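Notes follow once the structure below has been shown.
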Amino acid sequence: SDLGVCAAQAFDLEVTDNGFSLSDSQLAQPAQTRTDDQRIYLTQRSALEGAAPLSEQWRLFEHRDDLLQQAGRARAASVIVALESNQDVEPLARQLHGLREQCGSAVKIVVREMEPCLRYRDERLLLACGANLIVPSNTTLANFLSMVESAQGQIWRYRQNPDIQSLFERLRPPAQRGILPPQEFIHLLDQIYSGASGELTHQLLRLRPRGDLSIDQYLSQITLRRFGDVVCVLDGVFYLFLFACRGDGLEPALGNICRLPWRDIFSECKVLSAADV
């Protein structure tokens with residue numbers, strides 16, 4: 001509004017014929033003024049690939065902790081952090097959750113992936129914890145700056161979850177991976193589909209073997225490295241579950257899982273729904 005961004009405040013309201021209005025005591029108080037300019041960019045230096053500040057509106061910080069400490073006083077600025085390792089995802093998610101609680105929904109939080117390290121689940125976690133925008137690692141600096149510009153005026157529209165630990169647990173993959181007996185496979189999928197609340201997309205596939213190889217020979221062609229990726233065999237048919245895998249990531253995932261081209265191993269690949277479990 002014309003008064004700027006107002007957050008973390010209590011207002012005294014009075015009931016009128018048309019709804020609510022500020023009380024006389026509230027109107028007597030000094031007006032709340034804007035606490036920061038909406039065109040200020042608080043940026044981790046590495047996110048700009050060593051480039052100099054683009055204007056006097058850009059404030060660069062060597063370390064993320066220093067950046068986030070300064071950002072804690074922002075109300076509408078853009079906060080740009082760099083992410084270089086998958087191991088930093090959960091610590092960064094906790095920091096963004098705290099920053100979003102402190103600053104409100106008008107701050108624009110941009111995460112730039114500096115090395116290929118983010119999985120689909122990681123992106124969902126960062127967005128749910130406060131990020132407005134996640135920029136992939138293969139984005140040029142010019143395109144990155146255009147994406148940051150496009151985020152101006154955005155309001156973070158996720159519902160703030162006060163229990164961040166429950167969010168982590170829902171989005172964290174199970175400890176199992178590899179080959180499971182059918183009953184264990186079904187039990188695991190029941191747990192996953194009942195607990196994720198639709199926050200992640202998974203892939204459940206039915207694969208029919210091609211040729212006359214033994215089951216063990218087919219299994220030797222499948223390598224499941226990620227936790228949450230499991231397979232079982234029932235009546236000579238393979239059922240493969242890929243945790244936190246979008247539809248557009250299915251083809252690359254099968255290419256990583258199968259030693260030979262998957263179409264040379266299986267004659268059919270059908271996507272099933274959770275109801276088919």
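The values are calculated or read from the model by the stated rules, or taken from the named source; none is laboratory data. Small disclaimer: the values here were computed from a predicted structure and weren't measured. Neighbour counts are summed over all protein chains in view; Cβ atoms, including those assigned to glycine, are modelled from backbone coordinates with ideal geometry. Just so you know, the surface numbers come from the protein's heavy atoms only, side chains and all, with ligands and any DNA or RNA stripped out. Shrake-Rupley method; radii C 1.70, N 1.55, O 1.52, S 1.80 Å.
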Revision key, fill the gap. Residue-normalised value, i.e. accessible area per residue, for the stretch 109-184 at 1.4 Å probe, in Å², stands at 52 Å²
Practice item. Compute the Rg to Rh ratio over the chain from the alpha carbon atoms, using the Kirkwood formula for Rh, and round to two decimal places. Key: 1.11
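Out of the chymotrypsin sites (Phe, Trp or Tyr not before Pro) in the stretch 167-248, which ones are loop residues according to DSSP with at most 15 other C-beta atoms within 10 Å?
Filter output for the stretch 167-248: 227.
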Check your understanding: Helices from the chain with mean Kyte-Doolittle at least -0.5 and a Cα length along the axis of 15 Å or more, per DSSP H: which?
Key -> 182-195
Study note, to complete from the structure: Of every hundred units of 1.4 Å-probe accessible area on the chain, the number belonging to carbon and sulfur atoms, as a percent, is 48 percent
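Need one number for the stretch 184-249: average projected area of the convex hull over its C-alpha atoms, nm².
Mean projected area for the stretch 184-249: 5.1 nm², to one decimal.
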Review point. Based on the alpha-carbon gyration tensor of the stretch 91-196 and its eigenvalue square roots a ≥ b ≥ c, which shape applies: rounded if a/c is under 1.5, prolate if not and a/b is larger than b/c, or oblate?
Key: oblate
Practice item. Could you tell me whether the stretch 234-277 comes out rounded, prolate or oblate from its Cα gyration tensor? Rule is a ≥ b ≥ c as square roots of the eigenvalues, rounded for a/c under 1.5, then prolate if a/b exceeds b/c, otherwise oblate. Key: oblate
Check your understanding: Using helices alone, what [θ] at 222 nm do you get for the chain, with -39,500 (n - 2.57) per DSSP H run of 4 or more residues, divided over all residues and rounded to the nearest 500?
Key -> -8500 deg cm²/dmol
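Give me Rg/Rg_expected for the stretch 134-175, where Rg uses Cα atoms only and Rg_expected = 2.2 N^0.38 Å with N residues. Each step should come with its number before you reach the end.
Details: Rg = 15.5 Å, N = 42, 2.2 N^0.38 = 9.1 Å.
Scaled against compact globular proteins, the figure is 1.71.
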Check your understanding: So, in nm, how far is label residue 219 from label residue 263 when the simple model puts each one 7 Å beyond its Cα toward the Cβ?
Key -> 2.8 nm
Point to revise | Separation between Cα centres of the stretch 147-222 and the stretch 56-94, rounded to whole Å | key: 29 Å
Practice item. Springs between alpha-carbon atoms under 10 Å, Gaussian network over the chain: tell me which of 155, 215, 257 tops the mean-square fluctuations. Key: 215
